[in-house]
1. When ligands, DNA and RNA are left out and all protein chains stay put, how many square angstrom of accessible area per residue does the chain have with a 1.4 Å probe?
2. What label, among [x] 62, 51, 46; [y] 68, 51, 39; [z] 139, 90, 41, belongs to Cα extents along the principal axes in Å computed from the structure on display?
3. Keeping the other protein chains in place, figure out the carbon and sulfur percent of the accessible area of the chain, with a 1.4 Å probe.
4. Between 11, 234, 196, find the one with the highest GNM mean-square fluctuation for the chain; connect C-alpha pairs within less than 10 Å.
5. Excluding residues on the same chain fewer than 8 positions from residue 292, give the lysines whose Cα lies under 22 Å from its Cα.
6. Report the residue, chosen from 390, 377, 358, that carries the largest GNM mean-square fluctuation when the chain is represented by alpha-carbon nodes joined by springs under 10 Å.
7. To the nearest 20 debye, what is the magnitude of the charge dipole of region 37-123 about its Cα centre, counting +1 on the Cβ of each Lys and Arg and -1 on the Cβ of each Asp and Glu?
8. Could you work out how much longer the chain between residue 183 and residue 82 gets when fully extended? Use 0.36 nm per residue separation minus the Cα distance between them, nm to one decimal.
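The values are calculated or read from the model by the stated rules, or taken from the named source; none is laboratory data. Only a predicted model underlies this, so the values are computations on that prediction, with no experimental measurement involved. Reconstructed Cβ throughout: ideal geometry from the backbone, glycine too, with neighbour counts over all protein chains shown. To get the accessible areas, we keep the full protein, side chains included, count just its heavy atoms, and leave off ligands, DNA and RNA. Shrake-Rupley method; radii C 1.70, N 1.55, O 1.52, S 1.80 Å.
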Amino acid sequence: MILHGNQRGGSKNLAVHLMKDENERVEIHDVRGFISQDVMGALTESYALSRATKCKQHLYSLSLNPPKGKDVSDIDFVEAVELVEQRLGLSKQPRIIVFHEKYGSDGELRKHAHAVWSRIDTQRMKAVQLSYTKRKLQDVSRELYIRHGWRMPHGFINKHYRDPKNFSLAEWQQAKRQGKDPKVLKAMFQERWSMSDSRAGFSHALEEQGFILARGGKRGFVAVDYKGEVYSISRWVGVKAKAVREKLGEPDNLPNVEEAHAKAAAMTANRLQELRDLQNQKVERFKTVFAKRRVTLAAKKLKDQERLKILQRQRQAREDTIRRERIRRGLIGFLDRLTGRRRKMELLNSQELEYALQRDLEERTSISETYQQQDHQLGAQDQDKQQNIQITDHELHRDITWLRRTADLDQAQYQNDNADKKQNRNRGDPEPEM
């Protein structure tokens, strides 16, 4: 059932829309919590209450449209409305339910419903806070499709499950650490069930999740994962075994649990091998990128050293000029010798030159140390990356080996069991002659 809701004001316009004559039939099914028992009066009451608050969107309007060609009873509509108001926290709020029937473009008479709640809590005189309404409505809609056995539109399929067979390396590692969340797993089974209209479709949908549809003894239809865990379709989908058989038929020609386990393990191993190959490709790309970074760093170091060399030469020339100008010539220079000024200037020049040489050396050393530190950091990053890659590759190799060995053992066990059954039949006593 498609659910569309929004917070709004405009109570008069909404009342006019709900009571439009363009519908073949308009039925006010329920008016709850209002003094007035007609739509216009009830929504006017909500507006009057909202005037005592700061709330402008004092109404929550919901439309309920069943799937095309599906006959939905009044009780089903009311149950859907009550489920929505429970999830949104509107169970105690005044409410209106109106049924509409009108002909569609295909000439078919279709029925849908509208529900409107007043958001004003009269005890606190505040509007009920509504959060994440779109997501909650989608969850309720998905639940209604499952409950009524309707085929779920593709747009309702959870994005998390759209193409999960192509799980990433990070998802595989997280799944190994955390295990499977039963709620998420149950939702996956229900969505796969709702989106499929045949056994072939359901089987394919499960394989996209890494599960193999199999026959499971008294439980009928089961799903098996790469670990060999067996999941009852009836229990995890939430429908009766009879409904499962009606949709899927008989499980006689399906693989047994051992065969399904082998297939699921092999399928998962193949995906892990793909991930391992991709990982190796990333390693080669990383080596190329790392080598380029080292070359770029070396070029930048050389460029900075050349720039510093030029700056130091220019500065040395300026400072040499200043020091030469301090040593005066001629008669003034003779007087400087007599007064001792020349000696002081020569000592100052010597001190400044020593300082300048030490300063220039420290600047050159600083550049070298800076780039040496950056190069060391690059090397450390490379080492950490290589170590992580080796650990991941070892884990993938171990998982792939275990899965393939599991698949081979299960397949061998299945073949041995079949051989034993055939041998036992051959050893049976011949039927007595008549």
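1. Details: 27230 Å² over 434 residues.
Value for the chain: 63 Å² per residue.
2. Read-out taken from this structure: [z].
3. Details: 13570 of 27230 Å².
The value for the chain is 50 percent carbon and sulfur by accessible area.
4. Greatest mean-square fluctuation among the candidates belongs to 11.
5. Output for residue 292: 282, 300, 301, 303, 385.
6. 358
7. Values: 12 positive and 12 negative charges, 101 e Å.
Computed charge dipole of region 37-123: roughly 480 debye.
8. Details: separation 101, 0.36 × 101 = 36.36 nm, distance 2.28 nm.
Computed gain between residue 183 and residue 82 is 34.1 nm.
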